[in-house]
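What follows is a single structure, written as C-alpha cells, with notes after it.
Each reported figure results from applying straightforward, stated rules to the coordinates on display, with no laboratory input. Since this is a predicted model, take the numbers as computed values, not measurements. Glycine also receives a Cβ, built like all others from the backbone with ideal geometry; neighbour counts cover every protein chain displayed.
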Amino acid sequence: MATVAEQWVLVEMVQALYEAPAYHLILEGILILWIIRLVFSKTYKLQERSDLTAKEKEELIEEWQPEPLVPPVSKNHPALNYNLVSGPPTHNIVVNGKECVNFASFNFLGLLANPRVKAAAFSSLKKYGVGTCGPRGFYGTFDVHLDLEERLAKFMKTEEAIIYSYGFSTIASAIPAYSKRGDIVFVDSASCFAIQKGLQASRSDIKWFKHNDVADLERLLKEQEIEDQKNPRKARVTRRFIVVEGLYLNTGTICPLPELVKLKYKYKARIFLEESLSFGVLGEHGRGVTEHYGINIDDIDLISANMENALASVGGFCCGRSFVVDHQRLSGQGYCFSASLPPLLAAAAIEALNIMEENPDIFAVLKKKCQTIHKSLQGTEAMASLLMALSQGPSPMFAFFLSGVSGLKLVGESLSPALHLQLEESTGSRDKDMKLLQKIVDQCMNKGIALTQAHYLDKEEKCLPPPSPGCPGTHSVDQAGLELRNPPTSASQVAGIKGVRHHRLAKWATWSTEYKMRAQAPGWDEVFSHADSQIGTSIRVVVTVEQTEEELQRAASTIREAAQAVLL
C-alpha cells in the first residue's frame, strides 16, 4: 500500500508540474539555482598576504601622522589675544594698564560696585562660603536661592520663577525643555547665540522669519496652517512656539510684541520671550518689554533673562506660570546638572532688585542717556539744537552732531543701551572689516574710551550674514539632502553664504560632511536671501547710568575722529 501511495504522490507532482504556468517554473528554477550558488560560493576572497619586516613596520609608524584634532588657528587670532582688565569693570576701567571710560561692559545700572550689593555678597560669603558644589536637586538648594526666586517672581508679577547658575544656559536649557523633535519653532533671524543653541538641542523643526517682520512671520504661520489641514492628526500633537528677544543683542532693536501676541492667539502658538538685554532697561520699573508695551504678563508663556547685565550678578532666571516653570525643575538641563548659583551671587542679585525697586527713576536716567548717545552717533540737527540749548550758545561739538560718524552707520533704537556701529561700505571680507573696526577701537582706547567689537562664532552662528548687505545665494538643508538656489559665482560669495564654509586646511572638513552634520535638525540650516546685514561685524557702544553727559559727548567725538583717521 505504501508503494502505491508513493507512486500516486509522484504522479500528482509530475501532473502539477505540467499544469503549472511557465513563468512560475522559471521563477522557481532561478531561486533553486540562487540557493545552490549561495551554498557553494565563498563568502570572502583570500587576499594575497605580504608580511612586513620589523624595520618596515617601524618606518611606516614613523611616517604616519594623525589628522589634526582641530584646524590650525593663527596666533594673531583675536580670541587668543586678550585685553587684560585690572580691577572692576565699572565706570572707569583699566585695560592693558590704561585707564578708560567704560563703554564696553553691560553694567547698565552701575550696580557692579554698588556698596550695598558688595556688602550683601560679603555677608553671604561669610555665612555660606564660596560655592555650592552640587546641583539644586542634590543638596545645592539654599534658602537664599528660594528667596531670590520669590523676589524675581514678585518683581516680574508672575506666579513663579526659577534661577540658573549660568546666564547662557538659561534660555539654552528652557527651549529644549518644552520643544521636542517634531515640534515647530518660529524664530527671528536676529536671535542671539544662546537661543540658537537651545534650538539645536531641541531638534525641533526650525522656521526662521525676517528680523522683526510680523508679515513674514504670519506668512510662515499661514503656510504651516495649510500643512496642518492636510494632516490634522499630526497637527493635534504638534506644538508651535514663537521665540523672540525683547531687545535684540545683535541689532539693538525692540521686538513688536503687541503684534506677536495677536498672532499667538490667532494661530494658537506659544511665545518664549528672551529679555536678557531688556530686563532692568525697558519699562517704567525695568520689568522689560512687556511693561514697555503694557502687555499682560500672562499673554507670554515663558520669560527668560540673565542676571549678568542690569543686576550685575551671574546666572539667569525664567518666570511664568507655576506649572510651566516647575517643568524646568525636572527637565532643564542647566538646572538639573549644573552646580547651583553661589549664594553670594544670589544675595547680590536680591540686593540689586531692592535698589531697582527703591529707585525707579534710574530707568528714566538710563533712557535719557541712551537717547543722547544715539542722537550723537546718528548726527541729527535735533541733537545739535539740544546741545546749543544746554550750553547756551554755539558748541565745539555742533559740527559733529550735524555730520554724524563718517564711514559708519548706526544700528539700534534710541532706547537700547547697546548700540552697533557698522561700516557703511564693506570691503567684502569679514576679516578685513574686523581689522578696520579694530583699528577704530584701538584708537579710541588710546584716547581713553573703551569700546569693543561685537564678536560672533563664525563656524557656529546659524544666522551670521556676510559683512556686506544682502546675501548672494540661498540654500536649505533638510533630512532629504541639499538644495542650492542662486549659486555663488566667486569665492567671496561662497564665504558669504550663511552656514556654508569650505576649510582648505583640514581634509576632513569638507562641504559634504558639514552639510551632513548640519542636516540633523529639520529646517535648521534654512537661509533666507533677506539675511539682515544688521547682524554683521560692528563696534558695540554700551551706555550706563554712570556715564556723564560730557563723557557721552567725548565718546561720540572720539569715535568720529578715529573713524575719519582709519576710513577716510
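Figures for the structure shown
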quantity	calculated
Net length gained if the chain between VAL73 and ASP51 were fully extended (0.36 nm per residue, minus Cα distance)	3.8 nm
Peptide ranges 366-378, 160-172, 347-359 listed from the most packed, as the mean C-beta count within 10 angstrom indicates	160-172, 366-378, 347-359
Set of lysines with alpha-carbon distance to LYS98 below 19 Å, sequence-local pairs under 8 removed	LYS439, LYS447
For SER165, distant residues with modelled amide H under 5 Å away	GLY316, LEU341
Amide hydrogen neighbours beyond the local backbone of GLY320, cut-off 5 Å, H modeled	GLU159, GLU160
Cross-link pairs beyond the 27 Å C-alpha cut-off, checked among LYS210/LYS264; LYS55/LYS75; LYS367/LYS432; LYS210/LYS262; LYS264/LYS375	LYS55/LYS75; LYS367/LYS432; LYS264/LYS375
Relative contact order computed over the stretch 153-226 (Cα-Cα under 8 Å; 6+ residues apart), in percent	28
Calculated FRET value between LYS180 and ASN92, using beta carbons and R₀ = 41 Å, to 0.05	0.30
Förster radius 25 Å - calculated FRET efficiency between GLU461 and LYS268, Cβ distance, rounded to 0.05	0.20
Nearest-0.05 FRET efficiency for VAL237 and ALA201, computed from C-beta distance (R0 22 Å)	0.60
From phi via Karplus (6.51, -1.76, 1.60), per-residue ³J(HN,Hα) for the stretch 63-71 in Hz, x at Gly/Pro	6, 5, 10, x, 5, x, 5, 9, x
Stretch gain in nm, segment LYS157-ARG37, where the contour uses 0.36 nm per residue and the Cα spacing is subtracted	35.4 nm
The stretch 283-362, relative contact order [Cα under 8 Å, separation at least 6], %	27
